[in-house]
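The values are calculated or read from the model by the stated rules, or taken from the named source; none is laboratory data. Keep in mind the model is a prediction, meaning the values are calculated, not measured. All Cβ positions, glycine included, derive from the backbone under ideal geometry; neighbour counts span all protein chains shown.
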Amino acid sequence: CEVKSCNTVQQTSPQPPVKTVCLCLIVSAALRFKLVHLKVPAASKSHKYKQQCYYFSTNYFTWSKSRDECRQKGGDLVQIDSREEQTFLELKLREKMNNIWDKFWIGLTDSGKEGTWSWVDGSPLNESLTFWFPDEPDNWTGKDPDGEDCVRMGERAGAPDLKCWFDESCKESHRSICEKPAETGHFTLKCV
Ligand SMILES: [Ca+2]
Ligand SMILES: [Ca+2]
């Protein structure tokens with residue numbers, strides 16, 4: 001039953017049966033309730049994509065402090081598991097950047113063993129699914145003698161073939177992308 005068809009019934013018969021009116025009122029109320037719930041993710045700072053919620057922090061923190069912020073929100077720094085996910089994030093970051101120098105930490109690091117990249121959940125980086133900017137990672141020691149063990153992404157002008165990962169000193173301050181699974185609501189998956 002759609003509200004539209006209910007209205008049609010009401011228009012064509014001046015005194016519709018009570019049962020029809022009641023049913024229509026219930027359906028309209030249910031639809032309104034659903035719409036209110038659907039607005040929740042859009043109103044918050046989180047964005048839902050494929051049953052995951054993403055939070056784009058506006059704080060400029062070191063990699064560790066950024067990770068702490070994500071964990072306080074019940075998630076962790078983002079783990080990128082597919083080309084689709086990288087595409088979604090690469091496009092979304094372009095909207096989120098307030099400044100040309102805005103970059104975003106992701107949950108990838110080689111701080112455990114130099115050159116061995118792993119995600120924050122401990123899983124190894126799939127070498128056939130990487131989006132390194134050309135000539136990265138280079139573990140450059142020019143700025144920080146400890147080298148570069150944390151990864152950031154985001155190019156306001158877009159990245160050729162989505163390749164925008166740079167290894168950088170974990171002590172640099174950047175914004176970050178947090179990720180957590182969407183919670184199952186009554187009508188829809190919610191990002192809270
Ligand atoms: Ca490194
Ligand atoms: Ca680098």
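Structure above, values below:
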read-out	value
Residue that is nearest to P160 (Cα to Cα), among those in the stretch 110-123 that are near ligand 1 (Cβ under 10 Å from one of its atoms) and acidic (D, E)	D110
Selection count where residues are touching a strand residue (DSSP E or B) at 6+ places or on another chain (Cβ under 6 Å) and either within 10 Å of ligand 1 (Cβ to nearest atom) or among the polar types (S, T, N, Q) (or both), scope the stretch 124-141	1
Pair list, Cβ under 8 Å, 6 or more apart: the stretch 123-138 residue in the same structural domain as E85 (by TED's automatic domain parsing) and more than 8 Å from ligand 2 (Cβ to nearest atom), other residue in a loop (DSSP other than H, G, I, E, B) and among the hydroxyl-bearing types (S, T, Y)	L129/S82
Qualifying strands (runs of 3 or more DSSP E) (wholly inside the stretch 98-192; at least 1 residues being closer than 17 Å to R71 by Cβ)	104-113, 116-119, 150-153, 175-181
The listed residue being within 11 Å of ligand 2 (Cβ to nearest atom), among the basic types (K, R) and either over 23 Å from the mean Cα position of the chain (by Cα) or at pLDDT 95 or above (or both), out of K103, K113, K143	K143
Given (1) within 12 Å of ligand 1 (Cβ to nearest atom); (2) β-branched (V, I, T); (3) crowded, with 19+ Cβ neighbours inside 10 Å, index of the condition I177 fails	(1)
Which numbered condition S176 misses (of (1) modelled with pLDDT of 95 or more; (2) within 16 Å of ligand 2 (Cβ to nearest atom); (3) of a type in the set (G, A, S))	(2)
Residues of the stretch 80-96 satisfying the condition of being crowded, with 17+ Cβ neighbours inside 10 Å and not in a helix (DSSP H, G or I)	I80
Residue list for the stretch 50-72, restricted to those being surrounded by 15 or more Cβ atoms within 10 Å (Cβ to Cβ) and farther than 18 Å from S169 by Cβ	Q52, C53, Y54, Y55, F56, S57, E69, C70
